[in-house]
Each structure stands twice: as structure tokens, then as C-alpha cells.
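Participant: Have a look at this one before I ask anything.
What follows is calculated from the coordinates using simple rules that are stated; it is not laboratory data. Bear in mind that the values here come from a model prediction, so they are computed numbers and not experimental data. As a convention, Cβ positions derive from the backbone with ideal geometry for all residues, glycine included, and neighbour counts pool all protein chains shown.
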Amino acid sequence: MAAVPMMRPIAIDPFNSDPLVYAGVHQCVLGQIGFRVDTRVHAIQIQQLEDFARPFGTAHAGDSLSGNDNLEDMAELGGIWRVLDGNIHRTVAGALTRDDHAMAILDAGASSGLVHVLVDTGQAAAVAGLVWRGCDRENFWLLKVSAEGCDLLRVEQGVETAVASDKQRRLKPNSTHSLQVLDAHGQIGCYLDGDRLFDRWFESEFLEDATCVGIWLNGGELRLRDFEAHPREVGVPSEMQFDAPWLRFGEDVEYADDFAGVPGGLAGRAPSKGTHSWERTLGVGFIDVDGMGAARVRGTRESPDPGRSLYTLPWDESEFADLEVTITPPGSARGQHHYCRAGLVFWQDDANYLTFTAYLDDVYDGASIALFTKRHDFEELYDAVWTMLWKKIDWGKPFQLRIVFDGERFVVFVDGEPVMQRTLTDIYPDDPRLRITRVGLATNWEWGTDTGSVFSAFTARR
């Protein structure tokens, strides 16, 4: 999904003629079966938007493909058509070719996230296709559909590679079909008449930033019409803007630690900037400073960190803290039995604190940031809240974790991207604010413990 104030076009339905359409909200759970925190919906608006009702709506390229000339001029919206193979002719009923095959592309000026065309078939067999992530005649992606099935193709330096094939879904004679591609964040989805083809998404960065889109067809009675390509993100219309979610950043640095200087244990050591020293507030685990810019969790595959340990500094602004640290998970690849459970902590007292820690483990394909809450001397594992981050956290690759928290509301950032936002009352509706008295570094137990993550560049702002 796109971040506010943007949104993502996700589908075109050219066939729906229902007199009533019901808007709905689909929950995407941040967790698994057994975990009790639900998705929070803060506001809903339902409107008919004039800008979206006009031809092509939010598209940055579009063409009805109708007329009485060759397809060699400006599209109705967007760039100039370039016919790379064969000849394509506009007719009143859409574009066709008399050649064995023909292809035309135009440069939309930005990468497209949703590409769609209508396919009108005749009695004779024919093939139609959508082109996207295109650069030129030798580098592009192509989705082909015919009476024999559907094929996803990648063309690199003129060499065609078959990525997937689906012989169950086909073009029917004397019919109109909807063909579309959804493409964002490295994921590609292909659809015929609203049904996803190949029963899967495709992960690929090949030509991800290419900006050309277009059409492919062969000779026969088949015609293409109402082509449109939409960007991966569009602005939310002003009449539907919500109030911005809470967000506050600290302006003044209270503590900064580059972990340089004399090697040794972190406890008792003064940070590079700040008037107090680190202490081990909870747990029996160790963090060792190497004196060269890193503080390493004392843990190995054979002898991992013994569980939750918190290293903190005093904090005198009880209603706000902005914490940031860079974390490098141990190991270099999956399968080495290295685990990351490192993160940050906001502490009130030994009966009230929050830990935000990473989860990276061989047994789960992906990674997450999880919040574990201890409130009023009570902690329930299944009240944890987390968000899956796929490959944003990976073995041996540094990532920046930043969390802003005002005692009630928090926003979690990974490498500058907001990935989770909640309030404590989402978890426990009557929960009072947490008074922040200490802040710092955390290691956690989450179905396993840490085997040597590295902290660097810690900063606490107020």
C-alpha cells in the first residue's frame, strides 16, 4: 500500500454494471492466529469522485485506440506511440494488425503500477498482449493471452524467457476480455477477466524502474481498445484527505553513542554525548563495546544471549522520546543458525516498559519488528503486536530502527519508512500513558534469542 497522502490504484473492473456497489474494509492482521490485537480502522470516507469518473481516471497514459489511422502519433493521454514491430491501425472498434505480430510502446514518464486493455476477439484464433517495464524492442515484460492459454514472458537483450504459463484460462471467440497487470514494490500480478493468472505473484526487480508500456497483437479479427496505464502511486484527492496521523520527531539530541574508545562492557560506560552512563536495567545478558563503532550482543550459535536484557540511560522528559539505532543482524545468509532479537526499549519501571525488537530466524521466511508490552507487572505474550517486513531486515545487512513515542502513541520506522503505528489503548483500552524514565537498547526472547547482533550509532532525541 502507498503511504499517506498517496494511494495505490489496484484494479479496473470494466464489466461491473451493478446498480449498487458496497464499500468494504478488509482486515490485514499484523500477527498470526492466536494473537489478539486487531487491525484498527480510524476513519472511512465513501465518495463519488468526478476526477476518477472521467476517461482514464488517474492514468498517466491512455488511448481508446479507436479512429481511422495508423498508430504512430500522440496517445490521447501520455506520450507518443512508437511502433516497434509491424503496423497497427486504429479502427472505430479498436486497434488491429494484419501482420504476423505487432508491438507498440509509449513512454509514460514514470513506472506504471496498473496497466489494462480490453480485448475483443473474433471467430478466428488470435493473440493479444500487454507490454510494461519496457525500455526498447529488446527489453520489456510481456503478458500474452490466446485461445490456447496465457504466458508471462521476460525479454532481455532480445532473448525471450518464459516465466510462467497457464493453459486453463484462455480467450474465447467473439468475446470481450479484460487484461491487466498489477506491478509495485517488485511484485507482479497478472489478471484475465479479474482472475489472477498463474495462481501466484512474481518477485522481480528486472526493469522495475522502466517507464514504457504498450500493446502486442497478431493478425486476425482481434482488436484492442481502451488501453490505460496508471502510476504506482497517486495523490489522495483533496476532498478525501484525512487528518494526518500523529507524528513527532525529536529536535534536540540528549544522548549519542558511536561506541568508540576503550573496548569493554557497555554497562557503566558513558555515551559519546550525554551526562549519564549506561546501566543494565534488566536481565543477565551482556553487550560488549569493541571501541571501533559497534556494541555487540554477547551471543553465539552455540551459546546465544540468555533472554531479555535491557541496557538503558536516564530520561527526564516523561512524555516523549525519539530513539534511533543501527542494527546489523549476525551471520550472512539463511541457514547459518544465526538469529536477531535486538531493538529498543522505553522504560517506566520494572513493572511497566515496552520493547520493540527485530525477529529474524531460519524457521520463518521473512522478518518482523515486534512490540512486547509489560504493563502493571503483567505481560501477555499473545498481546504482542508486530508487522512483517519481508527482506527489509536480513542477515549481515545493517538497518536503521527509529521509534518515536509520546507515552501513548508510537510510530516505528525501518530505514526511514514508517512500518507500524499504534496507541497503547489499541492493546488495552483503559491503559494510562507510560511515563518514560529510561531509554535504551534491548535484546529479547521470541521463540529463540540473539546470537550476536551489532548495535551502532545510537541517538536519543527530545
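Participant: Yes or no: LEU224 aliphatic (A, V, I, L, M), within 18 Å of ILE105 (Cα to Cα) and buried (at least 19 other Cβ atoms within 10 Å of the Cβ)?
Facilitator: Considered against the rule, which asks whether it is aliphatic (A, V, I, L, M), within 18 Å of ILE105 (Cα to Cα) and buried (at least 19 other Cβ atoms within 10 Å of the Cβ), LEU224 comes out as yes.
Participant: Are any residues in region 119-177 in a strand (DSSP E or B) and among the β-branched types (Val, Ile, Thr), and if so, which ones?
Facilitator: Within region 119-177, VAL119, VAL127, VAL131, VAL145, VAL155, VAL159, THR161, VAL163, THR176 qualify.
Participant: Considering every residue within region 82-97, establish whether at least one is in a loop (DSSP other than H, G, I, E, B), under 34 Å from the mean Cα position of the chain (by Cα) and touching a residue at least 60 places away in the same chain (Cβ under 8 Å).
Facilitator: no
Participant: Within region 398-427, track down each residue that is touching a residue at least 24 places away in the same chain (Cβ under 8 Å), assigned to a loop (DSSP other than H, G, I, E, B) and either among the charged types (D, E, K, R) or under 15 Å from ALA370 (Cα atoms) (or both).
Facilitator: Correct list: ASP406, GLU408.
Participant: Could you run through region 239-262 and say how many residues are over 17 Å from GLN421 (Cα atoms) and surrounded by fewer than 12 Cβ atoms within 10 Å (Cβ to Cβ)?
Facilitator: The number of residues fulfilling the criteria is 4.
Participant: Check whether at least one residue in region 375-397 is outside any strand (DSSP E or B), among the aliphatic types (A, V, I, L, M) and touching a Cys at 6+ places or on another chain (Cβ under 9 Å), and report yes or no.
Facilitator: Within region 375-397, one or more residues are outside any strand (DSSP E or B), among the aliphatic types (A, V, I, L, M) and touching a Cys at 6+ places or on another chain (Cβ under 9 Å).
Participant: Taking only pairs six or more apart or across chains, which ones have beta-carbon atoms under 8 Å, a first residue in region 136-151 that is acidic (Asp, Glu), and a second residue that is outside any strand (DSSP E or B)?
Facilitator: GLU138/GLN157; GLU138/GLY158; GLU148/ALA125; GLU148/LYS167; GLU148/ARG170
Participant: Select from region 326-358 the residues that are among the hydroxyl-bearing types (Ser, Thr, Tyr), in a loop (DSSP other than H, G, I, E, B) and buried (at least 19 other Cβ atoms within 10 Å of the Cβ) and list them in ascending order.
Facilitator: Passing the criteria: only TYR339.
Participant: So which residues in region 195-222 are part of a strand (DSSP E or B) and among the small types (Gly, Ala, Ser)?
Facilitator: Matches in region 195-222: GLY214 only.
Participant: Considering every residue within region 241-257, establish whether at least one is small (Gly, Ala, Ser), closer than 30 Å to PRO173 by Cβ and touching a strand residue (DSSP E or B) at 6+ places or on another chain (Cβ under 9 Å).
Facilitator: Checked against the condition, which is being small (Gly, Ala, Ser), closer than 30 Å to PRO173 by Cβ and touching a strand residue (DSSP E or B) at 6+ places or on another chain (Cβ under 9 Å), region 241-257 yields no hits at all.
Participant: Then there is this: Condition first: touching a strand residue (DSSP E or B) at 6+ places or on another chain (Cβ under 7 Å) and surrounded by fewer than 18 Cβ atoms within 10 Å (Cβ to Cβ). Now tell me which residues in region 263-283 satisfy that.
Facilitator: PRO263, GLY264, GLY265, ALA267, SER272, LYS273, GLY274, HIS276, GLU279, GLY283
Participant: Moving on to the next point. May I ask you to say which residue of ARG301, ARG225 is part of a loop (DSSP other than H, G, I, E, B) and among the basic types (Lys, Arg)?
Facilitator: ARG301 is the lone residue from the list that is part of a loop (DSSP other than H, G, I, E, B) and among the basic types (Lys, Arg).
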